[in-house]
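First comes the structure, then the notes that go with it.
The numbers here are math on the coordinates, done by the rules we state, and not lab data. From a predicted model like this one, the values you see are computed outputs, not experimental measurements. No Cβ is skipped: glycine too gets one built from the backbone with ideal geometry, and neighbour counts run over all protein chains shown.
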Amino acid sequence: IIIIPTISVFSVRCSPFYGEDFYCEIPRSFRHLSFYIFDRDVFRRDSSIGKVAVKKEDLQKYHGKDHWFPLQPVCADSEVQGMVHLELRLSEVITDSGVVCHKLATRVLECQDLPIVNNQCDPYAAVSLLGSSRSFFFSQVTKPLSYTKRQFDVEEDDVDKLALKVDLWNASNLKFGDEFLGEVRVPLKVLGQSGVHDAWYFLQPRDNGYKSVKADELGSLRLNIVYTEDHVFPTEHYNPLRDLLLQSAHIEPVSASAAHILGEVCREKQEAAVPLVRLFLHYGKIVPFLSAIAHAEISRTQDMNFWSYLHHIDPVKLKESENLDTNRENLRQYVDRIFNVITSSGVSCPTVMGDIFFSLRESAASRFEVDPDVRYTAVSSFIFLRFFAPAILSPNLFQLRPHHPDPYTSRTLTLISKTIQTLGSLAKSKSANFKESYMAAFYDYFNEQKYADAVKNFLDLISSSARWDQKSIETPIMLKEGFMIKRAQGRNRFGLKNFKKRWFRLTNHEFTYHKTKGEGALCSIPIENILAVERLEEESFKMKNMFQVIQPERALYIQANNCVEARDWIDILTKVSQCNRKRLSTYHPSAFLNGHWLCCKLSADSAPGCTPCTGGLPANIQLDVDGDRETERIYSLYSTYMAKLVKMQEACGSKSVYDGPEQEVQTRQVQENQVRQPVSITSQVREHPIGDQSFQCYIRQQSESSTYSI
């Protein structure tokens with residue numbers, strides 16, 4: 001496994017700082033975890049500086065600790081991988097002269113995991129006997145490289161002093177010659193009394209006697225490696241623990257739940273959060289659990305200002321050749337473009353995140369009723385601070401760019417990120433949030449009401465719950481409105497009088513149209529009755545920019561003012577209706593006129609659609625989650641922090657017997673029960689016949705093989 005970070009210099013050229021995290025799954029069978037350091041010149045060409053290779057068996061030694069590793073040189077002779085399967089057979093033969101001599105028969109049976117060089121791999125082997133008076137080489141072996149046999153006459157009496165060397169090469173048509181793939185040296189003493197040896201060998205770097213590089217010549221790399229192996233039991237062994245964890249959202253208070261307790265006892269909350277979130281997401285319990293956590297946190301919060309710690313920005317020093325006004329205008333354009341992309345992306349918000357934002361908004365509004373904007377700031381402080389700002393600062397960490405930005409670009413991204421955070425905070429005075437007086441004029445530009453309105457519309461859209469059990473308590477939120485032309489519903493004839501200009505209004509509860517703005521609704525379509533929103537073919541009415549809102553009884557045909565507006569209405573209507581239980585999978589792309597559908601010519605107006613809907617399934621977070629593996633990870637954490645759990649159990653037991661407020665005593669009793677259960681379940685798994693001790697012994701036995709690394 002090779003992780004290749006790019007050079008990102010934050011101090012001086014010779015001492016780069018990365019500060020980046022890599023998380024990856026690695027195959028069960030590997031030898032080294034390698035880190036390669038590259039330098040990029042002004043022509044954007046990469047050259048290797050050195051590498052750090054950590055053996056698999058040494059990973060636990062450095063687990064969870066910062067450690068400086070000396071860089072080693074990178075050369076073609078040292079970059080090897082793969083294995084070779086050899087068979088050696090030593091026998092005694094009597095020559096015609098009656099002399100007894102030894103013959104060594106060597107067979108190169110097969111190879112595995114050889115590297116692909118220039119999109120091809122055409123290997124051959126060269127075999128030599130070292131330490132003898134004569135050395136024998138055989139030339140290229142035709143493909144496939146298997147069951148190739150060569151024999152040596154061994155004249156030395158002391159066979160144990162000899163060694164067999166096998167070099168693997170890749171036949172190349174390039175003028176630079178064949179590529180070295182690796183070598184193996186096998187001492188003949190492994191033959192023993194039987195004279196037969198059959199084994200797999202890891203290929204090794206070439207032993208060409210090059211001078212070793214001192215540790216301080218290439219520099220060092222500081223790493224913090226966290227290596228985890230999970231040995232997963234059959235699923236039935238995790239049922240009690242899994243059921244206990246999935247009930248956490250319904251425990252009152254949630255701070256006494258098993259999942260919350262795990263976060264309290266772990267040294268780093270992230271090591272508990274990752275498997276818990278994946279487990280709850282896998283079983284569809286993430287929304288109620290995070291909602292309960294958010295409600296509990298907000299209930300304990302006294303300050304409505306969720307952005308109080310975002311008041312600092314580092315000063316930017318201009319170069320002599322730069323102009324402040326020009327830079328300010330460029331920065332303003334960058335912010336505008338990114339801001340517009342963010343605020344127009346609400347229709348792409350995953351449904352599960354929308355439900356979480358809804359719960360967060362409602363909890364904040366209930367806790368701080370005096371502030372009408374708190375329902376916005378509660379959500380914006382989360383999504384702008386935890387999602388958008390980090391993505392702007394480090395686009396490479398979110399796969400937006402392949403490499404870390406250079407220092408100059410990083411400073412620009414810092415200013416953009418801080419400005420976007422300020423816009424998301426809905427602060428009344430943007431310039432008041434920053435200490436730099438020379439930037440006040442720049443931030444005053446964003447005091448226009450259109451920016452606050454755009455943020456509020458975006459937050460309304462992403463925090464509008466798709467769950468209809470929440471609609472009774474959710475305040476209607478206006479999402480979009482404007483004039484469009486609609487065709488009268490229920491009309492079969494084509495005529496200009498059938499098309500009327502109306503004021504359309506969309507909330508998270510209903511879609512209505514009015515004769516003009518401010519008047520009562522002429523028609524109201526509940527969101528749950530919208531079965532699909534699709535474009536309507538121009539041939540239907542010889543009109544452009546038309547779309548249809550399909551209902552159980554009929555379709556409402558609407559013409560937007562232009563193609564962009566039509567796309568916006570389709571997107572937002574699809575977004576708010578995408579979780580409807582009766583949503584259609586097919587539709588008619590043309591209208592029903594003169595007694596038949598223009599697209600498929602069917603005469604029944606209730607005929608099923610002839611074209612698949614384009615809306616698709618609701619946007620959601622797709623993860624390949626193994627529920628048993630995540631539960632095993634959680635079990636391992638409980639087992640690791642068992643001592644803390646036992647102390648917490650004892651503390652809860654002692655406090656619950658004291659006199660005090662009834663609610664506090666009940667909370668302690670609930671917490672004691674929730675602590676006792678994982679302690680008991682963990683102990684049962686450890687005592688199982690395939691529990692910790694016996695299972696680890698089994699794993700060690702299975703890991704033993706006849707593969708040699710010499």
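For the pair Trp68 and Thr409, the difference between a 0.36 nm per residue extended length and the Cα-Cα distance amounts to 119.9 nm.
The tail of the calculated P(r) for the stretch 34-99, taken as Cα-Cα distances beyond 19 Å, holds 62 percent of the pairs. Would you pull out the residues with amide H under 5 Å of His596's amide H, same chain only if 5 or more places away, H placed 1.01 Å from N? Those qualifying (amide H under 5 Å, at least 5 residues apart or on another chain) number zero.
Each residue, Leu397 and Met478, gets one label point 7 Å from its Cα in the Cβ direction; the gap between the two is 3.9 nm.
Modelled this way, with points 7 Å down the Cα-to-C-beta line, the labels at Arg185 and Gln81 are 2.5 nm from one another. For the stretch 334-379, chymotrypsin sites (Phe, Trp or Tyr not before Pro) are listed when DSSP marks them as loop and at most 15 other Cβ atoms sit within 10 Å of their Cβ; the list is empty. Applying the criteria of a DSSP loop state and at most 12 other Cβ atoms within 10 Å to the trypsin sites (Lys or Arg not before Pro) of the stretch 532-626 yields Lys542, Lys544, Arg581, Lys582, Lys601.
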